[in-house]
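The values are calculated or read from the model by the stated rules, or taken from the named source; none is laboratory data. If you're wondering where the values come from, they're calculated on a predicted model, not measured in any experiment. Quick reminder, even Gly has a Cβ in these numbers, built from the backbone with ideal geometry, and neighbours come from all protein chains shown.
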């Protein structure tokens, strides 16, 4: 998933690892992993292209001697591949989610785990009360030991949230995953099954308090807001911090071209973008190869690779996927007092026709041609092409 103009979301977890001097990395992929495989390659951009010890390995589901299948949950994914982990004889295993935006040094987490003689440690952060139901919510005693854990509660009793960053003693991880694999009623998920079970069994599960920036980009609103956070002063994550580089595999594109009288305000423009004469770009993030036509306006939006915004078009509070076409004189999105639920999304390869008006919160699906998009799409309306 692209992020921040030139990055992919998985770059953050990978960069955190190498910046924390963790060079033995396994990626467990599921469902159409082709773009992920292409992006990771041999791991060179992250200094993980190692011939002997360490390096990066990517494991999709496989059929083998054991009864294996699609990963049934996060815990099952680790369980199916734990033999590969154990073959390197580690003492500790760090389990990370690939869809979080944050810059975290894992060394303090490891030191905390060792100091508390923990079986397992999870990283935690305070979240807004209205967001708490999206996360695993826990409580601790005065020594940071987890005493309650509830996954995505309808009525959260607190705001201390699980970040999806777990550190396990490898022998303990083997035991709990082996036991979970035998429970038919289990969903084989760390948040829903493993962590609550550990609390119930009295395991030494501790909560490491993290105070930096972290966001789970599991919704369109959170994905859009994370981009707006990048444009804040100071930004949520400083991409220019040379002591904590976010590494990625970059495309070879020409420099940015800005035509006469165009105005760029608090925005990020990736290589290969072309901004037409008199165009206005405000508080937006443009990926490689985006072209914005003469007199067009892009505000508070995220525009992905090789999308074209036609002459005189207005794009506001939108997330537009790669290779989309925004027609001349069209209007996509609008500013409402509350941005929640009002972000327009336009799918990969879709086309907005000339002069069309797309209301706040509307969804245009993937590969929808211009002749299938109405001249006016009302707020929250969805337009899709049925798959054959």
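Tallying residues that are crowded, with 17+ Cβ neighbours inside 10 Å and either without any contact (Cβ under 8 Å) to a residue 60 or more places away in the chain or within 10 Å of residue 12 (Cβ to Cβ) (or both) within the range 100-120 yields 6. Only residues that are buried (at least 24 other Cβ atoms within 10 Å of the Cβ), over 18 Å from the mean Cα position of the chain (by Cα) and in a strand (DSSP E or B) were counted in the range 274-319, giving 6.
Restricted to the range 361-388, and to residues there that are closer than 19 Å to residue 304 by Cα and assigned to a loop (DSSP other than H, G, I, E, B), the residue that is farthest from the chain's Cα centre (by Cα) is 369. Among residues that are surrounded by fewer than 18 Cβ atoms within 10 Å (Cβ to Cβ), under 26 Å from residue 230 (Cα atoms) and either in contact with a helix residue (DSSP H, G or I) (Cβ under 9 Å, 6 or more places away or on another chain) or outside the structural domain of residue 226 (by TED's automatic domain parsing) (or both), residue 159 is included. Can you confirm whether the range 320-332 contains a residue that is in a strand (DSSP E or B) and more than 21 Å from residue 355 (Cβ to Cβ)? So far as the range 320-332 goes, no, none of its residues is in a strand (DSSP E or B) and more than 21 Å from residue 355 (Cβ to Cβ). For the range 146-163, the condition holds for at least one residue, the condition being that it is closer than 11 Å to residue 120 by Cβ and modelled with pLDDT of 95 or more.
Candidates 144, 172, 190: the one that is over 28 Å from the mean Cα position of the chain (by Cα) and surrounded by 13 or more Cβ atoms within 10 Å (Cβ to Cβ) is 172. The one condition from (1) farther than 13 Å from residue 6 by Cα; (2) out of contact with any strand residue (DSSP E or B) (no Cβ under 9 Å at 6 or more places or on another chain) that residue 214 does not meet is (2).
Yes/no matrix, rows are residues, columns are (1) in contact with a helix residue (DSSP H, G or I) (Cβ under 8 Å, 6 or more places away or on another chain); (2) surrounded by fewer than 18 Cβ atoms within 10 Å (Cβ to Cβ); (3) under 24 Å from residue 306 (Cα atoms):
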| position | (1), (2), (3) |
| --- | --- |
| 198 | yes, no, no |
| 209 | no, yes, no |
| 216 | yes, no, no |
| 226 | no, no, yes |
| 253 | no, yes, yes |
